[in-house]
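The values are calculated or read from the model by the stated rules, or taken from the named source; none is laboratory data. This is a predicted model, so every value here is computed, not measured. No Cβ is skipped: glycine too gets one built from the backbone with ideal geometry, and neighbour counts run over all protein chains shown. For accessibility, only protein heavy atoms count, side chains too; no ligands or nucleic acids. Shrake-Rupley method; radii C 1.70, N 1.55, O 1.52, S 1.80 Å.
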2 protein chains.
Amino acid sequence: MKLYDGGRAPNPRRVRVFLAEKGMSIPAESVDIGKMEHKSAEYTAINPLQRLPALVLDDGTIITESVAICRYIEGLRPDPPLFGRGAKEEALVEMWNRRIEIYLFQAISFVFRHLHPAMREMEQQVPEWGEANKQRVYDFLQFLDRELKDRLFVAGDHYTIADITALCAIVRRWHAQVSARPSAHA
Amino acid sequence: MKLYDGGRAPNPRRVRVFLAEKGMSIPAESVDIGKMEHKSAEYTAINPLQRLPALVLDDGTIITESVAICRYIEGLRPDPPLFGRGAKEEALVEMWNRRIEIYLFQAISFVFRHLHPAMREMEQQVPEWGEANKQRVYDFLQFLDRELKDRLFVAGDHYTIADITALCAIVRRWHAQVSARPSAHA
């Protein structure tokens, strides 16, 4: 197996955190998003959609999309279970992972990609869309805060992929905020 | 079990198609999105995020997010397998379902929600964002067309949830397009 990693972007980080929780490591090749290497002909042959990360299996099968890669790893090493165990728990993990992705991870990505000066070259920015997502982030964080009052982790009493998604989303929000300060260029 | 259904919107349809493929039916209560019933106090108590559909289990557990509901149903009735079978196939179904969701289903939703006159009351429209997504839809449909040249279904040789997601996205695109014509009001 070989993992095409994308550095500090939130999706590559999701897969790295997942692997660390499983106590696994996979040989990785770094693809520098800052240098637009994900748009190169070489990487486009791996993933025509030019997104990272990607996992290439020994039989040549290519798996893209972070959660699909995590699900494959879960199949290889089921313990500790990070997608839940049994129909009900698996459904609740799926629900919470998606809620975090749609209302937090993606909303933060839209704020970052459509408002941050560093993204001007990569994204056809629609600032009004970035602004519209700010309120969604705040609203969801308040909802999540209420939900987490009575339990340890996002999807219940165990750490799961939903916690990893939330962690990577919030790290990105923090990073975007602090890197936008003038002092970040010091 | 009780399913809170949302009529012809694409997410409720995904769950209904999934149930039909499993040959199952679940007692359902209709929540009329056109009449804003998904924002009522009664439904907000079921899903604070005010989205449809939602599945209430006999023990009171509430599952929201269409794919989470489908995954629960898959656990109850594994045949025919609509999420793949075995680690590699499950990962490829996850990959394709997400590709269809992110680059097609969601892009079509953005075009519809941010440009269609019928959505003015429900959505704080950002027309520029709707326009930006049109090209993404066309680009992805061309990519999908090339991919489907050599296989029967979206994720491989079997019908899966990725086909259901694609069907519901494309039905929405078609419906938005034909219902925007003046003749639709005849």
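Here are a few things to note about the model shown:
- Qualifying residue in the stretch B:41-52 (condition: more than 8 Å from chain A (Cβ to nearest Cβ), open to solvent by 10 Å² or more (accessible area, probe 1.4 Å), within 16 Å of B:Val154 (Cα to Cα) and basic (Lys, Arg)): no
- Screening A:Glu29 on (1) open to solvent by less than 70 Å² (accessible area, probe 1.4 Å); (2) touching a helix residue (DSSP H, G or I) at 6+ places or on another chain (Cβ under 8 Å); (3) more than 16 Å from B:Ala91 (Cβ to Cβ) shows it passes everything except condition (2).
- Hits in the stretch A:56-88 - residues which are out of contact with any Phe, Trp or Tyr (no Cβ under 7 Å at 6 or more places or on another chain), more than 8 Å from every other protein chain (Cβ to nearest Cβ) and surrounded by 20 or more Cβ atoms within 10 Å (Cβ to Cβ): A:Ser66, A:Phe83, A:Gly84
- Of all residues in the stretch B:110-121 being open to solvent by 10 Å² or more (accessible area, probe 1.4 Å) and either more than 30 Å from B:Arg181 (Cβ to Cβ) or not in a loop (DSSP other than H, G, I, E, B) (or both), the one that is modelled with the lowest pLDDT: B:Ala118
- Per-region count, the stretch A:104-121, residues over 13 Å from the mean Cα position of the chain (by Cα) and touching a residue at least 40 places away in the same chain (Cβ under 8 Å): 5
- Listed by position, the helices (runs of 4 or more DSSP H) enclosed by the stretch B:1-89 that each have at least 2 residues that are of a type outside the set (Asp, Glu) and more than 30 Å from A:Asp139 (Cα to Cα) are B:10-22, B:66-76.
- Only residues that are surrounded by fewer than 22 Cβ atoms within 10 Å (Cβ to Cβ) and either of a type in the set (S, T, N, Q) or part of a loop (DSSP other than H, G, I, E, B) (or both) were counted in the stretch A:90-108, giving 1.
- Evaluated against (1) more than 25 Å from B:Met1 (Cβ to Cβ); (2) at the interface with another protein chain (Cβ under 10 Å from one of its Cβ atoms); (3) more than 19 Å from the chain's Cα centre (by Cα), B:Arg99 falls short on exactly one condition, (3).
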